[in-house]
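Asker: For reference, the structure I am asking about is given below.
The values are calculated or read from the model by the stated rules, or taken from the named source; none is laboratory data. Quick caveat, the model's predicted, so the values are computed rather than measured. FYI the Cβ positions are ideal-geometry reconstructions off the backbone, even for glycines, and counts take in every protein chain you see.
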Amino acid sequence: MSSVETKCVQGGYTPKNGEPRQIPIVQSTTFKYDTGEDMGKLFDLEASGYFYSRLANPTCDSVAAKICALEGGTAAILLSSGMAANFFAAFNICECGGHIVSSSAIYGGTYNLFAVTMKKMGVSVTFVDPDCSDEELNAAFNGNTRLVFGETLANPSLKVLDIERFARAAHSHGVPLIVDNTFPTPVHCNPFKWGADIVTHSTTKYMDGHGAAVGGCIVDSGNFDWFAHADKYPGLCTPDESYHGITYAEKFGQGGAFITKCCAQLMRDLGSTPSPQSAFLLNLGLESLHLRIARHSENALKVAKFLAQNDKISWVRYPGLENDEYYPLACKYMPDGTSGVVSFGVKGGREAAEKFMCGLKLIAIETHVADARSCCLHPASTTHRQMSDEELAGAGVSPDLVRLSCGIENADDLIADIEKALESV
Ligand SMILES: *Cc1c(COP(=O)(O)O)cnc(C)c1O
């Protein structure tokens, strides 16, 4: 099963003779065993199996296995949201006293997570412009740095991360690169191929794709050698007294340690568990991901080209446009297309942008992206409103920025809707 299309449809679940063709929804909090000894082995991580759905559930595991196959990883875990995925991925290897080097062009929620919430937990962060020089990037590290974080295609700025360059910097400082690959999805970009060590997803976006279920996923490439940097990662390389003295990197190896710790320790204690129902819905989305993401990108390119030649529009950012500043990086990392998201400014700034949005009929105003239905948002007054103008600029968000998420409707209908709304501006 080598192609991405086949993995989208059939990955992660292979029914045996007479078993359900579709992934069964195992709507059960718990699992029955014949002896206490059988169950004891599960608690000791001596045997694999299910005992309580906060930690693991067969439906969720099948869907995680599909995403793992799509990314080309060694292990994966589903979570209740994309935010939980980013938090678990970071906190799994960066605790009190640790430091994160992060691209400043990231999702507003993740920015807050690092800058505000994890700071309260004793974790510090240095944000760098993804386009900074190698000198600036290297200067961001210190002795406590435990990971580098970035987004393949940043939400909402659409800056493209030079994954190879960030991976090189991370590895030269002995830490892994974590990449949030939500926007391009593994259909359009495989961060592991370019040196990323761990990938996260908000599956709420294109993977689900129908605006049906909030969810997240973490995938490990198995490429980072924790023992080679054991002093930095005691959580993986020394015994976990809360888990019968298990040393994750020893017992589960380089390919399994990160996700096992994430599940056995963080999911146990923090419990950001996805529901089997949501995992089932996510899987329905994944079955057509390869078809939808292609159409999303195709529609967005047509819309971006229309906007680029319209005199009421001050600027357009779409990495698939040949004159876009990120076009060369997009060609390298996402040669088959980027995503359905286009950012642009309406002449007349904040007010004009709001007026334009009110004039749309087909395209709805929503705090959402990456849905089969087209929608749009004004980040400066909604998702990013907690940020100062300076922080906004750092995240690549200007006050007039409209983020338009092109769905999989007919592109001409979308363009007609935009054209009509622009008439009112
Ligand atoms: C939406 C989003 C998140 C957060 O995901 P939720 O599922 O809403 O918690 C994280 N990263 C990116 C890039 C996103 O677009």
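Asker: Out of all the residues in the range 75-106, which are touching a residue at least 60 places away in the same chain (Cβ under 8 Å), more than 9 Å from the ligand (Cβ to nearest atom) and farther than 20 Å from Pro274 by Cβ?
Answerer: Those that are touching a residue at least 60 places away in the same chain (Cβ under 8 Å), more than 9 Å from the ligand (Cβ to nearest atom) and farther than 20 Å from Pro274 by Cβ: Ile93, Glu95, Val101, Ser103, Ser104, Ala105.
Asker: Another question about this same structure. Considering only the range 194-252, state which residues are out of contact with any helix residue (DSSP H, G or I) (no Cβ under 6 Å at 6 or more places or on another chain), within 13 Å of the ligand (Cβ to nearest atom), part of a loop (DSSP other than H, G, I, E, B) and within 21 Å of Arg268 (Cα to Cα).
Answerer: Val214
Asker: Can you tell which of Ile106, Ile100 is within 29 Å of Ala56 (Cα to Cα), among the β-branched types (Val, Ile, Thr) and buried (at least 23 other Cβ atoms within 10 Å of the Cβ)?
Answerer: It is Ile100.
Asker: I need the full set of residues from the range 159-189 which are of a type in the set (S, T, N, Q) and buried (at least 21 other Cβ atoms within 10 Å of the Cβ), in order please.
Answerer: The answer is Asn181, Thr182, Thr185.
Asker: Residues of the range 370-408 being polar (S, T, N, Q) and more than 16 Å from the ligand (Cβ to nearest atom), which ones?
Answerer: Ser374, Ser381, Ser388, Ser398
Asker: Are any residues in the range 31-72 among the hydroxyl-bearing types (Ser, Thr, Tyr), closer than 29 Å to Pro191 by Cβ and in contact (Cβ under 8 Å) with a residue 12 or more places away in the chain, and if so, which ones?
Answerer: The answer is Thr59, Ser62.
Asker: Out of the residues in the range 134-177 that are over 16 Å from His229 (Cα atoms) and of a type in the set (Phe, Trp, Tyr), which is nearest to the ligand (Cβ to nearest atom)?
Answerer: Phe149
Asker: Is it true that Gly253 is closer than 30 Å to Pro276 by Cβ, without any contact (Cβ under 8 Å) to a residue 60 or more places away in the chain and surrounded by fewer than 17 Cβ atoms within 10 Å (Cβ to Cβ)?
Answerer: Judged against the criteria, Gly253 is a match.
Asker: Only one of (1) surrounded by fewer than 20 Cβ atoms within 10 Å (Cβ to Cβ); (2) closer than 24 Å to Pro184 by Cβ; (3) at pLDDT below 85; (4) of a type in the set (Gly, Ala, Ser) is not met by Ala364, so which one is it?
Answerer: For Ala364, the failing item is (3).
Asker: Check whether at least one residue in the range 357-367 is under 30 Å from Ala167 (Cα atoms), within 16 Å of the ligand (Cβ to nearest atom) and either assigned to a helix (DSSP H, G or I) or under 21 Å from the mean Cα position of the chain (by Cα) (or both), and report yes or no.
Answerer: No, the range 357-367 contains no residue that is under 30 Å from Ala167 (Cα atoms), within 16 Å of the ligand (Cβ to nearest atom) and either assigned to a helix (DSSP H, G or I) or under 21 Å from the mean Cα position of the chain (by Cα) (or both).
Asker: Now a separate question. Looking only at residues in the range 107-133 that are of a type in the set (S, T, N, Q) and under 30 Å from Ser297 (Cβ atoms), which one is farthest from the ligand (Cβ to nearest atom)?
Answerer: Ranking the qualifying residues of the range 107-133, first place goes to Asn112.
Asker: Specify which of the listed residues (Ser297, Ser314) is part of a helix (DSSP H, G or I) and either touching a residue at least 24 places away in the same chain (Cβ under 8 Å) or not charged (D, E, K, R) (or both).
Answerer: Result of the check over Ser297, Ser314: Ser297.
Asker: Considering only the range 216-240, how many residues are among the small types (Gly, Ala, Ser), under 24 Å from Lys193 (Cβ atoms) and surrounded by 18 or more Cβ atoms within 10 Å (Cβ to Cβ)?
Answerer: 3
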